[in-house]
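Data first, discussion second: the structure below is written as structure tokens.
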Amino acid sequence: MRSKIVLTSVLTLVAVLLSFGLSRAQNIVNEPLAPAAAPNDTFTYQGSLVENGNPASGVYDFQASIWDSSSGGTKKSDCNTSLTQNISVDHGLFSFVCAPLTNGAFNGSDRYMEVEVKKDSSGTYTTLPRQSITPVPYAWSLRPGATIADETSSVTLNVFGSVFGLTWKEGLYATAEDDTIWVYGIYARGINSSTLSSRSALGVYGSARAEGSNNAYGLYGAADPGTTGSGYAVYGYGDAANEISGFFTNTLGISLRSESDIDHAIEGIRYGSNTSAIYAYNYGTGAGFFGLSRQGNGIQTYTDKSDQNYGVYTSDNLYSLNYHLRGAMMRVVQNGGSEPLEAGDVVVFSGIDSSPDGVDVPMIRVSRATSANSTAVAGVVYSRFDLAALPADGDDNSPGGELTPAGPIQPGEYLLLVVEGPALVKTSAVAGALQPGDLLATSEQPGYAGKAASVTMEGIAIALPGATFGKALEALSEGAKLLYVYVTLK
């Protein structure tokens, strides 16, 4: 008996693996995942059998095995004979199912099928030449250790249903390596074309459940940036003002937890305007954002703006056991006079106005000081202040604009007023030369400070009560100039 076997397809193997992965992806958003079953490794083998020069017909028994070489070599697995016996052959055409009896028969390396055949369960088997098991084009790009390459990068992707002999299992494990560009172990983007506001798009969704004292991670990321690079265990990016770059929910405990032994545990960067890099909201009674450090600052913030406004901004009251300042304390007031004000002007109280839009307290009004030793002195002008550039209460989105724009403060506009701490003040020596520590009051020169007048009580000269507002930090022998003064109204 001369027979010829022709391999026509191994599509079933690839189709089974792909449909398995698809069903897992469909179930992940609906319910907690059950333990994954091993994928079905069976595949269909088709061929043409010729007996004595003619197409064979009838019932035949087949034996099939999988080898790592076209001749000789090592047998990797036998096919289950319960699926290869009593196979009907019609005009030479046949088909049977190979179910490998050994796990891991296919690992991405070359494989060959050896087929033995006999007719009607009688006689002896005839061994046919081995045939190469060829994959569907690109199917091996899914094998462990395979390399997917284009003109800019190469990515190594390993996909596991389970890892035998280890103490953990990965549903999906991916690594990427390149020495010239950005690399992503997993890059996922979700696009939802629905016009309904209730629809969401998830680039990556993770769900985990652990029993007893075990741990489970719906999404786990580890990064090693090396000595000079940058690494992100989990990195999320939103390219529109209303997109969320990273979103985590947990109804039982911590929605996002990040730990670092070296640098920032959580770092948020927003390159656009009008939105927050990190936004925390608590629907319950606890803290919206909580920071704890055993050796450093619990929460540390800063701004790159030249005017340093504001490293921390809140529209609510602040509570602290204590606070320490290197700069000056300021408050927002309104120019209630008829003339423009500028930085360094000494001003006096001129009244109080009704609350402007978006502000729930009355606004103090000031004007330039015009007389010496005024007891109405209020402080020193620092800069203009644009209330419209502040976000509304409870809103993390700033409307944009410069908080402290340059230029004079016109009547009715708002300004920052130094009420305590070091500040540059317009100062005059008309009332006498100044030395560091001298008490200052308003000068007869409008908007300027000068040496405070004194009165004698029981032979002791003292400053006029209620008129002093600061102490000189620099000397001034004559003329007038901007001088550093420690402002204090106490």
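At-a-glance table
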{"read-out": "The listed residue being farther than 15 Å from D345 by Cα and touching a residue at least 12 places away in the same chain (Cβ under 8 Å), out of A423, A429, A461, A480", "value": "A429"}
{"read-out": "Residues of region 328-342 satisfying the condition of being among the polar types (S, T, N, Q) and under 9 Å from L415 (Cβ atoms)", "value": "Q334, N335"}
{"read-out": "Filter result (among the acidic types (D, E) and part of a loop (DSSP other than H, G, I, E, B)) within region 78-115", "value": "D110"}
{"read-out": "Residue satisfying condition, being polar (S, T, N, Q), over 30 Å from R209 (Cα atoms) and modelled with pLDDT under 90, within set Q46, Q63", "value": "Q46"}
{"read-out": "Qualifying residue in region 185-196 (condition: modelled with pLDDT of 70 or more, surrounded by 11 or more Cβ atoms within 10 Å (Cβ to Cβ) and in contact with a strand residue (DSSP E or B) (Cβ under 8 Å, 6 or more places away or on another chain))", "value": "yes"}
{"read-out": "Among (1) charged (D, E, K, R); (2) more than 30 Å from G288 (Cβ to Cβ); (3) in contact (Cβ under 8 Å) with a residue 60 or more places away in the chain, the one test that K471 misses", "value": "(3)"}
{"read-out": "Positions within region 433-490 being under 20 Å from T375 (Cβ atoms), among the small types (G, A, S) and modelled with pLDDT of 90 or more, in sequence order", "value": "A441, S443, G447, A449, G450, A452, A453, A467, G470, A472"}
{"read-out": "Filtered residues of region 90-135 (kept if crowded, with 16+ Cβ neighbours inside 10 Å and small (G, A, S))", "value": "G92, A99, A105"}
{"read-out": "Test: residue in region 84-99 that is in contact with a Lys or Arg (Cβ under 7 Å, 6 or more places away or on another chain), farther than 20 Å from G123 by Cα and in the same structural domain as V117 (by TED's automatic domain parsing)", "value": "no"}
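Every residue, every condition in (1) over 37 Å from the mean Cα position of the chain (by Cα); (2) of a type in the set (K, R); (3) surrounded by fewer than 20 Cβ atoms within 10 Å (Cβ to Cβ), yes or no:
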{"residue": "N322", "(1), (2), (3)": "no, no, yes"}
{"residue": "G327", "(1), (2), (3)": "no, no, yes"}
{"residue": "A343", "(1), (2), (3)": "yes, no, no"}
{"residue": "I352", "(1), (2), (3)": "yes, no, yes"}
{"residue": "R365", "(1), (2), (3)": "yes, yes, yes"}
{"residue": "S371", "(1), (2), (3)": "yes, no, yes"}
{"residue": "G379", "(1), (2), (3)": "yes, no, no"}
{"residue": "F385", "(1), (2), (3)": "no, no, no"}
{"residue": "A389", "(1), (2), (3)": "no, no, yes"}
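The values are calculated or read from the model by the stated rules, or taken from the named source; none is laboratory data. All of these numbers come straight from a predicted model, not from anything done at the bench. Reconstructed Cβ throughout: ideal geometry from the backbone, glycine too, with neighbour counts over all protein chains shown.
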